[in-house]
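The values are calculated or read from the model by the stated rules, or taken from the named source; none is laboratory data. Treat the numbers as computed from the prediction; the structure is a model and nothing was measured. No Cβ is skipped: glycine too gets one built from the backbone with ideal geometry, and neighbour counts run over all protein chains shown. Side chains are part of the model used for accessible areas, which takes the heavy atoms of the whole protein and leaves out ligands, DNA and RNA. Shrake-Rupley method; radii C 1.70, N 1.55, O 1.52, S 1.80 Å.
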Amino acid sequence: MPQEIERKFLLAHDGWRSSIVKSARIRDGLIATFNGRKARVRIIDDHATIALKGQQNGFGRSEFEYAIPYSDAEEMLRTMCDDRVLEKMRYYVPHAGLTWEIDVYEGLLKGVVIAEVELDREDRVLEFPDWVGKEITGDLRYSKINMEKAAKRRERLRQDKP
């Protein structure tokens with residue numbers, strides 16, 4: 001079974017920016033979620049995928065991701081994701097044999113910056129760059145859906161103020 005093993009972190013500072021080797025614009029749309037499982041459509045630059053992800057178990061979860069036509073992904077984002085589409089820039093930063101992915105969110109989550117690293121096994125020992133801060137793997141406050149809900153609540157409160 002395909003397995004995604006990743007750890008997520010906040011950043012201590014912007015020192016990672018000097019080591020960027022490439023970047024990509026990403027649009028993620030949440031199609032459905034149920035008991036920690038989710039279906040997600042994603043457009044990265046000019047490529048599109050659909051992914052089904054299982055429940056988190058430790059640092060890992062099952063993940064099935066497939067390439068789909070770009071036009072299908074655009075239609076899914078437009079018709080199936082309602083207002084659950086997030087945009088971000090992803091920056092790729094190598095360190096100690098691994099590639100760290102730094103997501104800088106735009107739009108509703110503007111200001112949120114999260115680093116993640118995918119691993120080949122859960123017990124892999126990491127050598128941390130000095131720009132890595134607090135680990136947030138498994139912290140539900142930092143799941144995309146919860147960050148989105150919190151941002152929407154803040155926006156509603158802001159709009160309700162006289």
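Quick look at the numbers
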| quantity | calculated |
| --- | --- |
| Carbon and sulfur %, accessible surface of segment 78-162 computed with the full protein complex present, 1.4 Å | 50 |
| Heavy-atom accessible surface of segment 1-54: percent carbon and sulfur, 1.4 Å | 54 |
| Selection of trypsin sites (Lys or Arg not before Pro), segment 63-123, meeting DSSP coil and at most 10 other Cβ within 10 Å | 121 |
| Label-point gap, in nm, between residue 140 and residue 82 - each point 7 angstrom along Cα→Cβ | 1.9 |
| Whichever aspartates and glutamates have a C-alpha closer than 18 Å to that of residue 152, once near sequence neighbours (fewer than 8 apart) are set aside | 28, 82, 83, 87, 106, 160 |
| 24 Å Cα-Cα threshold exceeded, pairs from 8/110; 8/144; 8/149; 22/149 | 22/149 |
| Estimated dipole of segment 32-162 in Debye, rounded to 20 [Cβ of Lys and Arg +1, of Asp and Glu -1, Cα centre] | 840 |
| Local electrostatic count at residue 89 - Lys and Arg +1, Asp and Glu -1, tallied over other residues with Cβ under 13 Å | +1 |
| Candidates per GluC sites (Glu not before Pro) in segment 95-162, loop by DSSP, up to 14 other Cβ within 10 Å | 122, 127 |
| Solvent-accessible area per residue, Å², over the chain with all protein chains present [probe radius 1.4 Å] | 59 |
| Read-out Cα extents along the principal axes in Å, derived from the coordinates shown; its label in (i) 45, 44, 31; (ii) 58, 33, 22; (iii) 56, 39, 25 | (i) |
